[in-house]
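Undergrad: Mind looking over this structure? Questions follow.
The values are calculated or read from the model by the stated rules, or taken from the named source; none is laboratory data. Worth saying up front: this structure is predicted, and the values here are computed from it rather than measured. Neighbour counts run over all protein chains shown; Cβ positions are idealised from the backbone, glycine included. Heavy atoms of the whole protein, side chains included, go into the accessibility calculation; ligands, DNA and RNA do not. Shrake-Rupley method; radii C 1.70, N 1.55, O 1.52, S 1.80 Å.
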Amino acid sequence: MTATDRYDLVIIGSGPGGYVAAVRAAQLGLKTACIEKSPRLGGVCLNVGCIPSKALLDSSEYYHLARDHFAEHGIKTGRLSLDLAALLSRKDQVVSDLTDSVRNLLKGNRVEIIHGKARLTGNQQVEVAAEKQNKRILQGNSILLATGSEPVEVPGMRFDGERIVSSTEALAFDTVPKQLGIVGGGYIGLELGSVWMRLGARVTVIEMLPKIATTLDGQVGRALDRILKKQGLEFQLNTRVISAKPTAKKVKVTLQKDGQQTGMTFDRLLVAVGRKPLTQGLGIQDVGIETDPKTGHIIVSPDYETSVKGIYAIGDLTYGPMLAHKASAEGIAAVEGIAGLAGEVNYDAIPSVIYTWPEVASVGLTEEAVKEKGVPYCVGSYPFSGTGRARCMGEKEGFVKLITHGKTDRIMGVHIIGPRAADMIAECVLALEFGASSEDIARTVHGHPTFAEALQEAAMAVRKCSIYAS
Ligand SMILES: Cc1cc2nc3c(=O)[nH]c(=O)nc-3n(C[C@H](O)[C@H](O)[C@H](O)COP(=O)(O)OP(=O)(O)OC[C@H]3O[C@@H](n4cnc5c(N)ncnc54)[C@H](O)[C@@H]3O)c2cc1C
């Protein structure tokens, strides 16, 4: 082994967990290598997750606005048409620009990028296999696993990449399906369902639970259900998909509800029932890394060390929400720990967002969770229709809901459904981080006219002193 094959830190995976960890490690002076099996850096997030889905959501929202709402503003578009190929290629360009930026970022920080499939082979050793190249062995004083996750496949609905697909293929349909079935009413199903519905598909979301987006605050979840139905999404709740049979051009689905079986036929079926940690071929069993036998998550200590000393794991591989910003925060904290600093992640203040329109964003406890804890609490809410900014934009739906401790007024959770909720939630995450009270937000001067005024009014409403609520 040459000196160039020895590193302070070897990172496997270049998603938002791995590449952010690599940059932080380099900043802290660690000689770092980042191994990626795919030709493109950036992981699921940049290539087949957050970024392409948001690019499609933005483009499809423009199309929907031009088709259905421009006239309200006095803008006549004439005969509108959709160039799906151009829309998809714009998305691909956004992705490739961003993945190139990650490469430049890593290079600029002197992180060595190594392409190939990595496998743990022994004491602090990683073997990298790349096509048409000799296997390479790297030695790391520490190794960080950041190999992310993959879609869960359901028996009876095996992915064929054509009729029965995962989110990856649903980001690139070459025609708008007339009828799109989606198994799973979580955020991926709702976001991609919104995209194709806006572009003209009839979309049916099939969910075996009695509601969509089950982790949301109940009131917000019910509002989302109502708004999406009004937009045209169809929901089959309490319904289980028994099987799906692809034919040349369709997919026939057998459903079960209340003990009765029915059938539906779609052009495509997106199965979006969740994701599972991706550890296949990584050699974790060979080196003795413990995983959760039920979920496959790698078990880590509070400083992200696995059951094997010197090997760490972060992101979708480990417990917690499968979100890019959670992976990045863990990457930074893990590396800071490895470098002898005190990194940490506050799991009580991780925002989550559903990028439907209106957007849904939340942080902290839901009202149901607070009730279950038996903590005294107060709620303040305020509708976006009460703000000037939302009126100007013609946004009539949604509200902000703030939950505070009944005795101390400390904010315990904020749940927003409305325009630009994804951006508004940042102020609420900061409020939770700082242990702020509703009074802190109520007395903070918010710009006018902004959507954030709805948050200030909701904060005022906790103490029943909202200025505009009637
Ligand atoms: C459709 C969709 C939309 C999403 N939208 C959002 C969103 O809006 N916001 C959000 O926060 N999250 C979103 N997510 C989730 C987000 O993408 C993930 O939580 C995030 O990418 C996890 O980061 P990670 O670094 O843990 O792993 P990943 O991003 O999965 O990266 C892991 C990398 O490791 C590589 N790898 C795996 N095995 C090996 C190996 N043996 N050798 C070398 N390399 C290997 C993989 O090729 C991959 O590049 C979305 C996901 C999907 C599918």
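Undergrad: Note down the net charge around Asp286, summing +1 for each Lys or Arg and -1 for each Asp or Glu among other residues with Cβ under 15 Å from its Cβ.
TA: Here the charged neighbours net out to 0.
Undergrad: Take the alpha-carbon centre of the range 234-307, take the same for the range 96-164, and report the distance between them in whole Å.
TA: 22
Undergrad: While we're on this one: Report, for the chain, the % of DSSP beta bridges that are antiparallel, rounded to 5.
TA: Given both bridge residues lie in the chain, the antiparallel proportion sits at roughly 60 percent.
Undergrad: For a quick check: with amide H placed at 1.01 Å from N, whose amide H comes under 5 Å from Ser466's, ignoring anything fewer than 5 positions away on the same chain?
TA: For Ser466, whose amide H was placed from the backbone, the distant partners under 5 Å are Ala461.
Undergrad: Summing Lys, Arg as +1 and Asp, Glu as -1, what charge do residues with Cβ under 14 Å from the Cβ of Leu432 carry, Leu432 excluded?
TA: Here the count lands on -4.
Undergrad: Applying a 10 Å radius around every beta-carbon, put 110-119, 124-133 in order of their mean neighbour count, most first.
TA: 110-119, 124-133
Undergrad: To continue, here is another question. Residues of the range 349-470: accessible area per residue at 1.4 Å, in Å²?
TA: Result: 45 Å² per residue.
Undergrad: Continuing with the same structure: Is it possible to state the helix-based mean residue ellipticity at 222 nm for the chain, with each DSSP H run of 4+ residues giving -39500 (n - 2.57), the sum divided by total residues, to the nearest 500 deg cm²/dmol? What is it?
TA: -9500 deg cm²/dmol
Undergrad: Shape verdict for the range 52-205, please, from the Cα gyration tensor: rounded (a/c under 1.5), prolate (a/b greater than b/c) or oblate.
TA: prolate
Undergrad: What shape does the range 153-212 take by its C-alpha gyration tensor, where a ≥ b ≥ c are the square roots of the eigenvalues and a/c under 1.5 counts as rounded, a/b above b/c as prolate, and the rest as oblate?
TA: oblate
Undergrad: Based on alpha-carbon centroids, what's the gap between the range 56-93 and the range 14-37 in Å, whole number please?
TA: Between the Cα centre of the range 56-93 and that of the range 14-37, the gap is 38 Å.
Undergrad: Report, to one decimal in Å, the Kirkwood hydrodynamic radius for the chain based on all distinct Cα pairs.
TA: The answer is 24.0 Å.
Undergrad: Using a 1.4 angstrom probe on the protein heavy atoms only, could you order Phe451, Phe434, Phe384, Phe159 from most to least accessible area?
TA: From most accessible down to least: Phe434, Phe159, Phe451, Phe384.
Undergrad: Separate question: Given H placed on each backbone N at 1.01 Å, which residues far from Leu341 in sequence or on other chains put an amide H within less than 5 Å of it?
TA: none
Undergrad: Send over a whole-number figure in Å² for the accessible area per residue of the range 160-311, probe 1.4 Å.
TA: Averaged over the residues of the range 160-311, the accessible area is 47 Å².
Undergrad: Let me ask another. Using θ = phi - 60° and the Karplus relation 6.51 cos²θ - 1.76 cosθ + 1.60, list the HN-Hα couplings for the range 198-210 in order, rounded to whole Hz, with x at every Gly or Pro.
TA: 4, 7, x, 7, 8, 10, 10, 9, 10, 10, 6, 7, x
Undergrad: A follow-up question, please. My understanding is that a pair violates if its Cα-Cα distance is over 26 Å; which of Lys31/Lys326; Lys230/Lys401; Lys54/Lys117; Lys54/Lys294; Lys211/Lys371 do that in this structure?
TA: Lys54/Lys117; Lys54/Lys294
Undergrad: Could you order the peptides 318-325, 417-424, 271-278 from most to least packed, using the average number of other C-beta atoms within 10 Å per residue?
TA: So the order, starting with the most tightly packed, is 417-424, 271-278, 318-325.
Undergrad: Could I ask something else about it? To the nearest 10 Å², what's Arg158's accessible area with a 1.4 Å probe?
TA: Approximately 130 Å² for this residue.
Undergrad: Right, next: Check Ser437: other-chain or 5+ apart residues with amide H under 5 Å from its amide H, H built from backbone geometry?
TA: The answer is Ile411.
Undergrad: Another question, then. If Lys and Arg each add +1 and Asp and Glu each add -1, what is the summed charge of the other residues whose beta carbon sits under 12 Å from the beta carbon of Glu150?
TA: Value of the local net charge: 0.
Undergrad: List, in order, the whole-Hz ³J(HN,Hα) value for each residue of the range 240-254 obtained from phi through the Karplus relation with A = 6.51, B = -1.76, C = 1.60 and θ = phi - 60°; use x for Gly and Pro.
TA: Calculated HN-Hα couplings, in order: 10, 8, 7, 7, 9, 10, x, 10, 4, 10, 9, 9, 9, 10, 9 Hz.
Undergrad: Would you please classify the overall shape of the range 263-348 from the alpha carbon gyration tensor, given that a ≥ b ≥ c denote the square roots of the eigenvalues, rounded means a/c under 1.5, and beyond that prolate means a/b larger than b/c while oblate covers the rest?
TA: In terms of gyration-tensor shape, oblate.
Undergrad: Please enumerate, by chain and number, the aspartates and glutamates with C-alpha under 19 Å from the C-alpha of Lys373, excluding those fewer than 8 residues away in the same chain.
TA: Lys373 reaches Asp217, Asp348, Asp409.
Undergrad: Sorted by packing (mean other beta-carbon atoms within 10 Å per residue), highest first, where do 252-258, 191-197 land?
TA: 191-197, 252-258
Undergrad: At 1.4 Å probe size, with no ligands or nucleic acids counted, give the accessible surface of Val94 in Å², nearest ten.
TA: Number for this one is 40 Å².
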